[in-house]
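As structure tokens, the structure follows; a few thoughts come after it.
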Amino acid sequence: MTANVSTSPEPAAPLDATPPFWRRLLRRRLAVLGLVVMAVCVLGAVLAPWIAPYDPNEQHFDGLTIEGAPLPPGAMFWFGTDLLGRDLFSRLLYGARTSLVIGVVANGAALLIGTLVGVTAGYFRGVTGAVLMRFTDLMMAFPALLLAICLAAIFSPSLWIVAMVIAFVNWVQTARVIYTETSSLAERDYIAAEKTLGAGHGRILFRHILPHLVPMLIIWGTLGISTTVLLEATLSFLGVGVQPPTPSWGNIIFENQTYFQSAPWLVFIPGAAILALALAFNLVGDALRDILDPTQQGRD
Amino acid sequence: MTTATAPLLPAGTDPAEVVLAVRGLQVAARSDSGLMPLIEDLSFDLRRGETLAIAGESGSGKSITALACMGLLPQPAVRVTGGTIRLGDTELTGLPEARMQRIRGARIAMIFQEPMTALNPVMTIGRQLTEAIRAHEPLGLAAARTRTIEAIRAVRISQPERRLAQYPHELSGGMRQRVMIAMALALRPDVLIADEPTTALDVTVQREVLDLLRDLQRELSTAVILITHDMGVVAEMADRVIVMRRGRVVETAPTASLFAAPQDDYTRQLLAAVPRIGAGQARPAQGSPLPDGGDTLVRMTDVSVRFPVRQGVFGRLHARVHAVEKVSLDIRRGETLALVGESGCGKSTIARALVGLVPHEGRIEVGGKALADLGRAATKALRRDLQIVFQDPMAALDARMTVGELIREPLVIHGIGTPDEQRARVRDLLERVDLPALAANRYPHQFSGGQRQRICIARALALKPRLIVCDESVAALDVSIQARVLDLLRDLQAETGVSYLFISHDMAVVENISDRVAVMYLGQIVEMGSRAQVFGDPRHSYTRRLLAAVPVPDPQAPRRDMPRLTGEIPSPVWPIGAGPERKVLVDMGAGHMVAPE
């Protein structure tokens, strides 16, 4: 703000027509990179039966050396083979199906539960808020892995059950963070201004609070991807996750971690896949956060 | 104090000695489009015992100047790109941080606007002061403690030994600022930079802190750079003034001549825009000196707002904050009722109770209908009649909505008109508050503070309310912009007949805009009457003190001596069942109501 004592109007930032959403997203190179990686993962998962060179569970005789050790990456088995002589590339493609469901669905469900609980508790406060947040604290204090094992043991393990179990364990951190953010937003003047204009709770929550939580949700969403994928791996390692021989990126790592020194590709390649997926979501999420924030406009 | 008053110097010091010399200082900020100059070619000399005011509106570069002298610029984003700053024989620009640390606090000290954020909240006052002293001087604990007590006593804080054991949050704002001053002056620096030292303080507290600064400066002959936007403070404190605008010096002059004969147009306009007490009478009475008992729009009867203070695991009700205590007042159609008082007196709480943001006891009637008796639908309808404009427009606007959406919001909520009609109304409203129609597609952050407040006003007007509550609505604006927003409010009133409940701590602004004035103290009204009655013939001692404390933007004005207060304002927290004594207002004639003392 500059001082204009005379009658001339105060200067303001020049108005640029905001380009359409897609163009703004595609203008960011890192975001495009993230989108490409995501697309590769999704296509790989969907088209696995057509592009996988072998059946993921087939144990190849020529997939092991004479001594019975797995083969390193080569012309025949692109990413090498595992201890049972199975083709790692095919297993990765099929494993993407599991890991994407876990990373996207389980993680999304966790975000949704966490947001619902956090926003309700943070906006309405009072008894409802207190009960919800005490329950959240209780969940937080309870060892997540133990809870997941109990739940997974009760229900017969399937991919979707595992996803729901992970969601049920993982929503607490989101709830806690969203609660704090919501309760500070609810105290702001602009919410008071909306109330004096006569806006109802629904309008305030959906139009004036949720949009402000988007940056935080994007951060927690992308952070959650690698943790959920690895939690699934832990569960299947303990026998309560996705059942072998169904591959997932996490359980490929866990099955082979003891041979890390003699057959490092068995750990590094699926590890890199998880990393790439999490990074891709992170890059796209970052770009989305900037694009959706009007105060950042004109900076790209 | 005028420029003629020579500081009383300790023997042996040269009054003309230059302690700080700034030559051709340039500061620039790094941005995407290269270096953006924040200060260009600033030069000044600061002599021992002198007070130099750097005045200007926001964005003028006055605080950047202070930070540059302290070596506290947020480098590397903002840095000195040219010029020199010499403190005695030491060149400060480009001095390594390790050496700057030894100078900072010992030879050049600074006090900030907000003392609460400048003090460490988890350390006692005593430890902070002792540490500051021991960081620069090799003193033992006991010796440092003695120095600390001396310093606290020097800033006229009673019971220094007890204060040392207290934490910052246990002190009032004025006390905290005194502690900051004590800390700054404990090492007897050559230069003290005071960056808006009293802006966050109430006007009576501001008076005390300014008096204290002046006294101490005389005793220690410290050179002071006073950075302020308040021309009243400049007139009272400074020997010389530098007026800055957009990083450049507009005018440098001794205070008396600057106020008497400003040379630059900008200075003239700046001085003209400063609201002054006494200037209000010169304006024609604004079309609404309604006869007594005129059409009453809002009637408050015995309205109280109390907040519970809960303690312990089970949240047992422990005490209550009596924020507003049985207040009765009327607001007439088309008038402006000003509610004045210092922070914590309950004036904003009344506003929030009126627009339904905090629950209240007692009766509030709007147009003859009591708020409490209405159902949901009727309450929502009544909301349309009562609108509020907050202090900080950026906080009051949803940053993720365009201005068009924001102004349209009330119309959408109440289902008024078709989308096309709503858009047309938004255009009308924007035009009404002097904003271009294009503004509708932009976001609030793309506007300046004054423009944002216009957006808030446009939004409040959208529902054609009968009363707009202005809660410190111009307090955060620069004076020139403040004057124009006040003009806009006045025009709108003349045009639409809307009433204002104008809440402010600024007596000069209140005198400019109000028809009637109510003075609040500790949750109760102590005096209420027409503007002429309250300003011309203040009867209550608190009203008088408020008026006397306002800095006058005229160095020639006689200083009204005020009794120096050392006591604290009584607390509005009362145990259950107890409460303050109720003040019954007595009519002194012609509607001038005063609480007996």
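The values are calculated or read from the model by the stated rules, or taken from the named source; none is laboratory data. Everything numeric here is computed off the predicted structure, so don't read it as measured data. When we count neighbours, we look across all protein chains shown, and the Cβ atoms used for this are built from the backbone with ideal geometry, even at glycine.
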inquiry  = On the basis of being more than 7 Å from chain A (Cβ to nearest Cβ) and within 24 Å of B:Val298 (Cβ to Cβ), does B:Val426 make the cut?
reply    = no
message = Go through (1) under 25 Å from A:Ile113 (Cα atoms); (2) buried (at least 19 other Cβ atoms within 10 Å of the Cβ) for A:Ile252 and report which single condition fails.
response = (1)
remark   = In region B:442-491, residues that are within 9 Å of chain A (Cβ to nearest Cβ), aliphatic (A, V, I, L, M), part of a helix (DSSP H, G or I) and surrounded by 23 or more Cβ atoms within 10 Å (Cβ to Cβ) total 3
task = For B:Ile364, indicate whether it is more than 11 Å from every other protein chain (Cβ to nearest Cβ) and surrounded by 19 or more Cβ atoms within 10 Å (Cβ to Cβ).
result = yes
task = Identify the single condition in (1) touching a helix residue (DSSP H, G or I) at 6+ places or on another chain (Cβ under 7 Å); (2) closer than 30 Å to B:Cys345 by Cβ; (3) buried (at least 19 other Cβ atoms within 10 Å of the Cβ) that B:Arg156 does not satisfy, given that it satisfies every other one.
result = (3)
key: region A:162-218 - residue that is touching a helix residue (DSSP H, G or I) at 6+ places or on another chain (Cβ under 6 Å) and of a type in the set (Gly, Ala, Ser) and, of those, farthest from B:Gly356 (Cα to Cα)   = A:Ala163
message = Need the failing condition index for A:Gly224 against (1) closer than 28 Å to A:Val284 by Cα; (2) at the interface with another protein chain (Cβ under 10 Å from one of its Cβ atoms), just the number.
response = (2)
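May I ask you to list the residues in region B:401-437 that are in contact (Cβ under 8 Å) with a residue 12 or more places away in the chain and outside any helix (DSSP H, G or I)?
Correct list: B:Met401, B:Thr402, B:His414, B:Ile416, B:Val433, B:Asp434, B:Leu435.
Report whether or not B:Arg545 is part of a helix (DSSP H, G or I), charged (D, E, K, R), in contact (Cβ under 8 Å) with a residue 60 or more places away in the chain and closer than 21 Å to B:Thr296 by Cα.
Numbers: part of a helix (DSSP H, G or I): yes; charged (D, E, K, R): yes; in contact (Cβ under 8 Å) with a residue 60 or more places away in the chain: yes; closer than 21 Å to B:Thr296 by Cα: no.
No.
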ask   = If we scan region B:373-380, do we find a residue that is more than 11 Å from chain A (Cβ to nearest Cβ) and at pLDDT 90 or above?
value = no
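Restricting the search to region B:388-400, which residues are among the aliphatic types (A, V, I, L, M) and either without any contact (Cβ under 8 Å) to a residue 40 or more places away in the chain or within 7 Å of chain A (Cβ to nearest Cβ) (or both)? Show your work before the answer.
First, pick out the residues of region B:388-400 that are among the aliphatic types (A, V, I, L, M): B:388-389, B:394-397, B:399.
Result: B:Ile388, B:Ala395, B:Ala396, B:Leu397, B:Ala399.
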ask   = If you scan region A:196-210, which residues turn out to be surrounded by fewer than 19 Cβ atoms within 10 Å (Cβ to Cβ) and free of Cβ contacts under 8 Å to residues at least 12 places away in the same chain?
value = A:Gly200, A:Gly202, A:Arg203, A:Phe206, A:Arg207
query = Is there a residue in region B:77-84 that is among the small types (Gly, Ala, Ser), more than 28 Å from the chain's Cα centre (by Cα) and farther than 23 Å from B:Asp190 by Cα?
reply = yes
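Before we move on, is B:Asp385 closer than 21 Å to B:Leu492 by Cα, more than 8 Å from chain A (Cβ to nearest Cβ) and out of contact with any His (no Cβ under 6 Å at 6 or more places or on another chain)? So that I can check it myself, show each step before the final result.
Details: closer than 21 Å to B:Leu492 by Cα: yes; more than 8 Å from chain A (Cβ to nearest Cβ): yes; out of contact with any His (no Cβ under 6 Å at 6 or more places or on another chain): yes.
The answer is yes for B:Asp385.
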message = If a residue counts only when it is surrounded by fewer than 23 Cβ atoms within 10 Å (Cβ to Cβ) and within 14 Å of another protein chain (Cβ to nearest Cβ), which strands (runs of 3 or more DSSP E) contained entirely in region B:199-279 have at least 2 such residues?
response = B:248-254
query = If we keep just the residues of region B:2-35 that are at pLDDT below 85 and on the phi > 0 side of the Ramachandran plot, which is surrounded by the most Cβ atoms within 10 Å (Cβ to Cβ)?
reply = B:Gly34
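Could you list, in sequence order, the residues of region B:187-198 that are over 24 Å from B:Cys345 (Cβ atoms) and not in a strand (DSSP E or B)? Before you say what the answer is, go through the steps one by one.
Kept after step one, since they are over 24 Å from B:Cys345 (Cβ atoms), are these residues of region B:187-198: B:187-195.
Result: B:Leu187, B:Arg188, B:Pro189, B:Asp190.
Take B:Thr90 and decide whether it is of a type outside the set (A, V, I, L, M, F, W, C), in contact with a Leu (Cβ under 9 Å, 6 or more places away or on another chain) and farther than 23 Å from B:Glu131 by Cβ. Working first, answer last.
Working: of a type outside the set (A, V, I, L, M, F, W, C): yes; in contact with a Leu (Cβ under 9 Å, 6 or more places away or on another chain): no; farther than 23 Å from B:Glu131 by Cβ: yes.
Answer is no for this residue.
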request  = Answer yes if at least one residue in region B:117-125 is aliphatic (A, V, I, L, M), out of contact with any helix residue (DSSP H, G or I) (no Cβ under 6 Å at 6 or more places or on another chain) and more than 20 Å from B:Arg188 (Cα to Cα), and no otherwise.
outcome  = yes
query = Residues of region B:514-530 being modelled with pLDDT of 90 or more and either out of contact with any strand residue (DSSP E or B) (no Cβ under 8 Å at 6 or more places or on another chain) or part of a helix (DSSP H, G or I) (or both), which ones?
reply = none
